[in-house]
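To start, the structure itself, in structure tokens.
The values are calculated or read from the model by the stated rules, or taken from the named source; none is laboratory data. Being a predicted model, the structure only gives us computed values, none of them experimental. All Cβ positions, even for glycine, are placed from backbone atoms using ideal geometry, and neighbour counts span all protein chains on display. The accessibility values were calculated without ligands, DNA or RNA, using every heavy atom of the protein model including side chains. Shrake-Rupley method; radii C 1.70, N 1.55, O 1.52, S 1.80 Å.
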Amino acid sequence: MAVIWVLLVLLLGLFSIQFMKLRQAAALLPPGPTPLPLIGNLFTIKFQLHHRTLMKLSEIYGNIMTIWVGQTPLIVVSGYETVKHCLIDNSEQVSNRPTTPYFKYYAENQGIIFSNGHNWKLQRRLGLKILRNLGFGKKGLEWRIKKEACHLVEVFVSQKGSATDPNSCIMNAVSNVMTAVNFGHTYSLKDKFFHHIIDSSDVVGNFYGTHWGQLYDAFPWLMYHLPGPQQAMYKHMHFLKQYMLQEIRQHQQNPSPEPQDVVDYYLEEILKVKDDPASTISEGNLVRVLMDLLLAGSETVTSTLKWGLLYMAIYQDVQVKVQKEIDAFVESIENLQYEDRIKMPYTNAVIHEVQRFSNVAPVGLPRQCTQDIKLNEYSIRKGSIVIANLASVLTEPKHWKFPDTFNPSNFLDEEENFQSNKAFVPFSAGHRICMGEQMARTELFIFFTSLLKTLSFHLPKGVTEVNLNGIFGTTFKPHPYQICAIPR
């Protein structure tokens, strides 16, 4: 019995010492909820960096606050002015990604999304160059997107108006755009291997934003040995890497006369530097670049389109007005072009409002300071991890006419002309702004307009209430729902 008491006293002493150390460390940082030893504020945030939780906490602690994930402090910035000051005014100084356990496992400082320094700048520059090259010609990006949009319309038409969950058919179509861009070919929507790719992408892409992802970053040594979703994540990650290598080998064995996709262009670059052992234009980086494009390019567009169709089914007056405008300017979806958006201000405003109101990337990905910076009255030290609550910008009352409701008027002036808004930041901002922004904008316009030109969307008979709270993860997506697509 005495031994137990001694152990309890020792544990209490260690707990007290750790608590005091945390208090001392927290005193040098912006305000925030009091962290506990080992777990920090994980209980306070319910093991998720949920944008709504962060907005409530910012009402207490201000637009610059500290949240502890385990033993790691995160500086959370909210509101347009603060986010702009952090991500744009200090763009270079907050351009790194933190080497958190999950990011390190995923990327090993390779690729675009999670790499840093010279390698990140080189891979991003090369990636942008390749995407620009793929944007031209009769089989450019827009052509590929239109082809998949037509297939998606056919899938919905085949449902003959019956209630269906649109998730898989939208995800398949958007993912096929990315496989065409990456590898120059697409898959049948019934292909089981394709579904394995999509399922693996979903698991790997969404793991970071879950409770388990936060636990993994807080206790990686423990999570590696425990059962749980992280074990499935390991398997899916391995599958995706092997899949990328398989595609690279096939391209090497059957080279195209002219580059047709990301692999072709990147392999050309590898040949140019084959005699430079110090070059980071390598197969390892190519694997990560392909994974970055597939994961980032599929999930966000899919989630946005799912929200968009749900909103159209709920707000029938908006859907009817969009369809009238499309009918006036678009003869057929085969002739649809991204530049047509200029002639359709209301449709353009609706798509932007879908992006704003759905908030599919509400807190973006964390960044790390490359040097000391000053944010308002706070000094943020080099190495600090920064989280930008983009949702707080997209719903800030002083920047939006209707911040808390779905209303296309947020992007229309008094004469019903499209009006941009500086607080529209769904793709983040600064040096780490989404590399695929232009491609995502093109996809959203062509997919959305093609669907609304051909079909009308309704809630199933008898459904009067829809859960719009969403599911928080790496992206913010709607709860599963069913919808009826009626050919026009």
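Just one of the listed residues (Thr442, Thr464, Thr474) is among the hydroxyl-bearing types (Ser, Thr, Tyr) and in a helix (DSSP H, G or I), and it is Thr442. Taken as a whole, the range 430-448 holds at least one residue that is charged (D, E, K, R) and over 30 Å from Val157 (Cβ atoms).
Inspection of the range 391-402 finds a residue satisfying the criterion of being free of Cβ contacts under 8 Å to residues at least 24 places away in the same chain and more than 30 Å from Leu74 (Cα to Cα).
Out of Ala173, Ala232, Ala180, Ala218, one residue alone is within 23 Å of the chain's Cα centre (by Cα), open to solvent by less than 50 Å² (accessible area, probe 1.4 Å), in contact (Cβ under 8 Å) with a residue 60 or more places away in the chain and closer than 25 Å to Pro101 by Cα. It is Ala218. Taking helices (runs of 4 or more DSSP H) as the structural unit, those lying wholly within the range 251-343 and holding at least 2 residues that are open to solvent by 70 Å² or more (accessible area, probe 1.4 Å) and more than 22 Å from Thr179 (Cβ to Cβ) correspond to 262-272, 316-329. In the range 17-46, the residues that are over 11 Å from Ile67 (Cα atoms) and of a type in the set (Lys, Arg) reach residues that are modelled with pLDDT of 75 or more and part of a loop (DSSP other than H, G, I, E, B) with C-beta atoms within less than 8 angstrom, at least six apart or across chains, in these pairs: Arg23/Thr34. Kindly check whether there is at least one residue in the range 56-74 that is in contact with a Lys or Arg (Cβ under 9 Å, 6 or more places away or on another chain) and not aliphatic (A, V, I, L, M). Within the range 56-74 (the criterion being in contact with a Lys or Arg (Cβ under 9 Å, 6 or more places away or on another chain) and not aliphatic (A, V, I, L, M)), the answer is no, since none of the residues qualifies. Quick check, is Phe207 more than 26 Å from Leu365 (Cα to Cα), crowded, with 18+ Cβ neighbours inside 10 Å and hydrophobic (A, V, I, L, M, F, W, C)? The answer is no for Phe207. Which of the residues belonging to the range 346-360 are at negative phi and either among the polar types (S, T, N, Q) or open to solvent by 30 Å² or more (accessible area, probe 1.4 Å) (or both)? Listed by number, the residues that qualify are Thr347, Asn348, Gln355, Phe357, Ser358.
Looking only at residues in the range 412-430 that are more than 14 Å from Glu325 (Cβ to Cβ) and in contact with a Phe, Trp or Tyr (Cβ under 9 Å, 6 or more places away or on another chain), the one that is most open to solvent (accessible area, probe 1.4 Å) is Lys422. The number of residues in the range 20-67 that are open to solvent by less than 60 Å² (accessible area, probe 1.4 Å), at pLDDT 90 or above and either among the basic types (Lys, Arg) or not in a loop (DSSP other than H, G, I, E, B) (or both) comes to 10. Regarding the range 119-136, can at least one residue be identified that is under 30 Å from Leu36 (Cβ atoms) and open to solvent by less than 20 Å² (accessible area, probe 1.4 Å)? No: the range 119-136 contains no residue that is under 30 Å from Leu36 (Cβ atoms) and open to solvent by less than 20 Å² (accessible area, probe 1.4 Å).
Remark: Gly364 falls outside the filter, which requires a residue to be open to solvent by 10 Å² or more (accessible area, probe 1.4 Å), free of Cβ contacts under 8 Å to residues at least 40 places away in the same chain and in contact with a strand residue (DSSP E or B) (Cβ under 8 Å, 6 or more places away or on another chain). Would the range 467-474 turn up any residue that is touching a Gly at 6+ places or on another chain (Cβ under 6 Å), in contact (Cβ under 8 Å) with a residue 40 or more places away in the chain and open to solvent by less than 20 Å² (accessible area, probe 1.4 Å)? Yes: one or more hits. Can you name every residue in the range 149-169 that is open to solvent by less than 10 Å² (accessible area, probe 1.4 Å) and touching a Phe, Trp or Tyr at 6+ places or on another chain (Cβ under 8 Å)? Answer for the range 149-169, where residues must be open to solvent by less than 10 Å² (accessible area, probe 1.4 Å) and touching a Phe, Trp or Tyr at 6+ places or on another chain (Cβ under 8 Å): Ala149, Leu152, Pro166. The single condition from (1) open to solvent by less than 60 Å² (accessible area, probe 1.4 Å); (2) under 29 Å from Leu49 (Cα atoms) that Leu226 fails is (1). Looking across the range 367-404, the residues that are within 18 Å of Gly308 (Cα to Cα), of a type outside the set (A, V, I, L, M, F, W, C) and surrounded by 13 or more Cβ atoms within 10 Å (Cβ to Cβ) come down to Thr395, Pro403.
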